[in-house]
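Here's the structure we're looking at; comments come further down.
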């Protein structure tokens with residue numbers, strides 16, 4: 001039986017301002033990894049960006065944007081604005097999961 005080496009899935013989480021603390025960034029990494037694990041053969045890496053968002057002139061929301069790089073090419077993207085970082089992360093990761101399941105490139 002031959003061993004097959006797989007590159008580790010790289011997930012980068014970036015907080016653009018005070019809207020994301022280390023707990024929120026760790027949570028985003030965990031949630032995205034759990035969603036993408038079943039597609040690891042097709043995923044080269046992913047990037048999560050958390051930042052404060054403006055609504056009606058007030059900085060009262062958090063925006064979570066996720067870009068997933070696919071192998072051999074292509075990307076899957078989602079962006080959500082919510083009142084709290086964890087809600088934005090949850091909804092964005094759910095959308096990525098739907099897009100990965102619905103994409104013709106992914107089993």
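The values are calculated or read from the model by the stated rules, or taken from the named source; none is laboratory data. All values derive from a computational prediction rather than experimental measurement. With ideal geometry, Cβ positions are generated from the backbone for all residues, glycine too; neighbour counts draw on all protein chains shown.
What to note about this one:
- If only residues of region 77-101 that are more than 18 Å from residue 30 (Cα to Cα) and surrounded by 13 or more Cβ atoms within 10 Å (Cβ to Cβ) are counted, the one that is nearest to the chain's Cα centre (by Cα) is 99.
- Selection within region 11-25: residues that are farther than 16 Å from residue 87 by Cβ and modelled with pLDDT of 90 or more. The member of this set that is surrounded by the most Cβ atoms within 10 Å (Cβ to Cβ) is 13.
- Search result, residues across region 26-48 that are surrounded by fewer than 18 Cβ atoms within 10 Å (Cβ to Cβ) and modelled with pLDDT of 90 or more: 26, 29, 30, 33, 34, 37, 38, 44, 45, 47
- Residue check for residue 68: surrounded by 18 or more Cβ atoms within 10 Å (Cβ to Cβ) and at negative phi: yes
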